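The structure under discussion appears below in the form of structure tokens.
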Amino acid sequence: MTSKEYNQSVENYSDSIFRFILSNIKDKDLAKDIVQDTFEKLWIKLQSVDFEKVKSYLFTTAYHTLVDIVRRQKHVTGLESKNMNNMKYESEYSDLQEVLHKAIDKLPEDQRSVLLLRDYEGYTYDEIAEITGLNESQVKVYIYRARKFLKEFVVKMEYVI
């Protein structure tokens, strides 16, 4: 890959990587750091990454960096953060999109990541499997479970009212 292709990759994919990471962690500064770290890793491996496969490489690297950071933060925060992820939300909402975002936030990390890669970024099952390191059947199961949870979450009237 040339430096011109690298610059083109930054221009083409930095926004979508940022949106993907931000939708997972809800921290703009940390998302920017992960995107920057991802492109730094690409720069280091510039000669060994093929330009045609750069999108997959970038999302894979960003995903793994995200997972590493989330795991480090879990060790630091302890158990009190686990109580925040109850599967029920008590507040009332009239905006379906806001309800959907709250439901996505409540998904387990793996399910949320594969769902966002599939439904927001448009990746195929095998591309998601390559990015996340899961096999294709695991990806399909995670997406199915995530969609099922979202459907149940949104359908309940207590969340939509």
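The values are calculated or read from the model by the stated rules, or taken from the named source; none is laboratory data. A quick note: this is a predicted structure, and the numbers were derived from the prediction, not measured. Cβ placement follows ideal geometry from the backbone for every residue including glycine, while neighbour counts extend to all protein chains displayed.
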Assess whether Glu40 counts as being at pLDDT 90 or above, more than 18 Å from Thr132 (Cβ to Cβ) and loosely packed, with under 13 Cβ neighbours inside 10 Å.
yes
Out of the helices (runs of 4 or more DSSP H) lying entirely within the range 106-158, which hold 2 or more residues that are of a type in the set (Phe, Trp, Tyr)?
136-155
Name every residue in the range 104-161 that is of a type in the set (Val, Ile, Thr) and without any contact (Cβ under 8 Å) to a residue 40 or more places away in the chain, in order of residue number.
Val114, Thr124, Ile128, Val139, Val141, Ile143, Val155
